[in-house]
Amino acid sequence: SKCHWPIQKYKDKQVSKTTSYTDNEGNQKTKTEYKTIRVLFSFNDGVFNAVTKNDAKWEGIDVSRGFAPELHYSDGVGSHDEHEWSPTSWSNEPITISGDDFGLNAQYEETTEFTNFMNQNYSNDTHEPRKAEIAANFKKYTDFYTQQFVEKEQVLSYAFWYFCYNNDGLSKDELKAVLSLEQNETLKTLVDDAEYIEGINMVYDKLAFVNTSPKHLFWFTFWHDVWVNNLLMSIFIENEDFLSPYKHTSICYTLIEDKQALIDTLKEKNLYGPVNAITKGWINHVIVDLLYAKLEDIGNAEKNEAAAAQEVNIQVELDGLTVALNENMSIEEQYAMACKY
């Protein structure tokens with residue numbers, strides 16, 4: 001919309017002058033010189049615009065994130081008059097100014113200058129209907145996504161990610177307790193589902209094993225990787241109970257400290273063979289040597305870390321990723337509070 005907001009701004013302009021002279025051969029000639037000057041322009045009426053930072057649309061509604069307010073003038077007048085230089089006048093000069101020039105700062109505070117600007121240019125007849133239209137459009141937009149939020153929350157609360165998925169220190173009892181706080185009846189019934197509880201027990205058994213020590217974690221990761229990358233091979237299918245991390249009998253849950261004992265076990269399963277005889281076995285002495293060399297390195301690092309911790313009298317613990325939002329509240333209480341919003 002058009003706004004009356006008189007301002008003055010300097011702009012760079014170029015002026016010229018033409019002079020006559022006689023060259024070395026007696027010929028009359030002219031030359032034109034140019035220079036850049038600063039001219040003070042006066043502006044009166046500009047067009048207000050809110051420039052969006054992107055072009056996001058939702059059902060035809062502009063929902064771009066953020067905007068930059070500006071006034072664009074095209075009525076500027078200015079002049080320059082200087083001895084020996086051609087007097088020059090300009091009209092219909094354009095310029096675009098930002099919100100700072102009419103009192104609208106980055107915090108969108110209601111400054112005195114902006115209040116004056118609004119008093120001069122806000123018209124109830126013109127602007128109130130547009131304001132109501134914008135408010136209605138954004139209510140439609142926010143209602144749509146609020147409803148989506150509510151529907152998703154009814155399936156699985158947003159609190160679940162922070163307090164459960166992201167928290168490997170959550171106990172089984174705490175997990176059951178927070179699931180019972182969910183709105184989804186299917187989730188609530190899981191705490192009494194024997195098959196589900198069996199699956200959860202397996203998860204916690206895995207956590208207990210890998211949290212035993214860094215060596216246990218590496219051992220589990222190694223054998224898990226071996227299985228995942230070779231599980232379709234016939235020799236692995238034949239030894240699924242021994243190799244699959246989804247079986248409680250898997251080797252990934254039994255750290256074998258003695259290298260020769262591991263080799264003997266692998267030979268019994270026909271999983272060990274020469275480096276150049278891959279058809280006779282997928283695991284060879286090079287792989288086993290690297291595995292135990294890494295385990296030894298991890299063990300030495302553990303000892304050094306424990307010794308350093310003991311020296312300064314601190315206890316080394318494995319911390320979960322989730323930080324308690326309130327130290328005086330249990331996980332269940334914090335979860336219940338998060339589910340209210």
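The values are calculated or read from the model by the stated rules, or taken from the named source; none is laboratory data. Everything numeric in this text was worked out from a predicted model, so none of it was measured. We place every Cβ from the backbone using ideal geometry, glycine too, and count neighbours over all the protein chains shown. All accessible areas refer to the heavy atoms of the entire protein, side chains included, with ligands and DNA or RNA removed. Shrake-Rupley method; radii C 1.70, N 1.55, O 1.52, S 1.80 Å.
Worth a mention:
- Pairs beyond 19 Å (Cα-Cα), from LYS13/LYS35; LYS206/LYS294; LYS9/LYS53; LYS267/LYS294: LYS206/LYS294; LYS9/LYS53; LYS267/LYS294
- Largest accessible area first, the residues SER64, SER234 order themselves as SER234, SER64 under a 1.4 Å probe with ligands, DNA and RNA left out.
- Two-site label geometry, LYS340 and ILE61: point separation in nm, points 7 Å out along Cα→Cβ: 2.9 nm
- Average accessible surface area per residue within region 118-223, 1.4 Å rolling probe, Å²: 65 Å²
- ILE235/ASN304 FRET efficiency (R0 51 Å; Cβ-Cβ; nearest 0.05): 0.85
- Solvent accessible area, Å² - MET329, 1.4 Å probe, full protein context: 50 Å²
- Stretch gain in nm, segment GLU109-TYR122, where the contour uses 0.36 nm per residue and the Cα spacing is subtracted: 3.0 nm
- Excluding the site residues themselves, the longest part of the chain lacking any GluC sites (Glu not before Pro) in a DSSP loop with at most 15 other Cβ atoms within 10 Å is 111-256.
- Seen against the Cα atoms of the chain and their longest principal axis, helix 124-155 is set at about 10 degrees.
- Across LYS172/LYS215; LYS2/LYS57; LYS139/LYS172; LYS172/LYS259; LYS139/LYS176, pairs whose alpha-carbon gap is larger than 31 Å: LYS139/LYS172; LYS172/LYS259; LYS139/LYS176
- Label point at VAL203 placed 7 Å out along Cα→Cβ; residues across region 136-171 whose backbone nitrogen lies under 16 Å: 156-171
- Probe 1.4 Å - accessible area at ARG38, Å² to nearest ten: 140 Å²
- Model label points for GLU195 and ASN328, set 7 angstrom from Cα along the Cα-to-Cβ axis, are 4.5 nm apart.
- Modelled label positions at ILE287 and SER171, each set 7 Å beyond Cα in the direction of Cβ, lie 4.0 nm from each other.
- Mean residue ellipticity at 222 nm, helices only, the chain: -13500 deg cm²/dmol; runs of at least 4 DSSP H residues each add -39,500 (n - 2.57), and the sum is divided by the number of residues.
- Across SER250, SER42, SER180, mean-square fluctuation computed from a Gaussian network of the chain (C-alpha pairs under 10 Å connected) peaks at SER42.
- Accessible carbon and sulfur surface of the chain relative to its total accessible area, %, 1.4 Å: 51 percent
- Centroid-to-centroid, using Cα positions, region 12-44 and region 175-195 are 86 Å apart.
- Two-site FRET efficiency, TYR34 against HIS4, from Cβ-Cβ distance with R₀ of 30 Å, rounded to 0.05: 0.25
- For a label point 7 Å along the Cα-to-beta-carbon line of ASN49, residues of region 85-104 with backbone N under 16 Å: 93-99
- In region 1-54, inverting the average of 1/r over every pair of distinct C-alpha atoms gives 15.5 Å as the Kirkwood radius.
- Mean projected area (nm²) of the alpha-carbon convex hull when region 27-163 is viewed from all directions: 16.7 nm²
- At q = 0.12, 0.15 Å⁻¹, base-10 log of I(q)/I(0) for the chain (Debye sum, equal scatterers on each alpha carbon): -1.05, -1.27
- The mean of 1/r over all distinct Cα pairs in region 110-210, once inverted, gives the Kirkwood hydrodynamic radius of 18.2 Å.
- Model label zone, SER91; criterion: amide N under 17 Å from point 7 Å along Cα-to-beta-carbon; scope region 33-56: 41-45
- In order through region 226-231: 3J(HN,Hα) via Karplus (6.51 cos²θ - 1.76 cosθ + 1.60), integer Hz, x for Gly, Pro: 4, 5, 4, 8, 9, 5
- Angle between the chain longest axis and helix 194-210 axis [Cα atoms, degrees, rounded to 10]: 90 degrees
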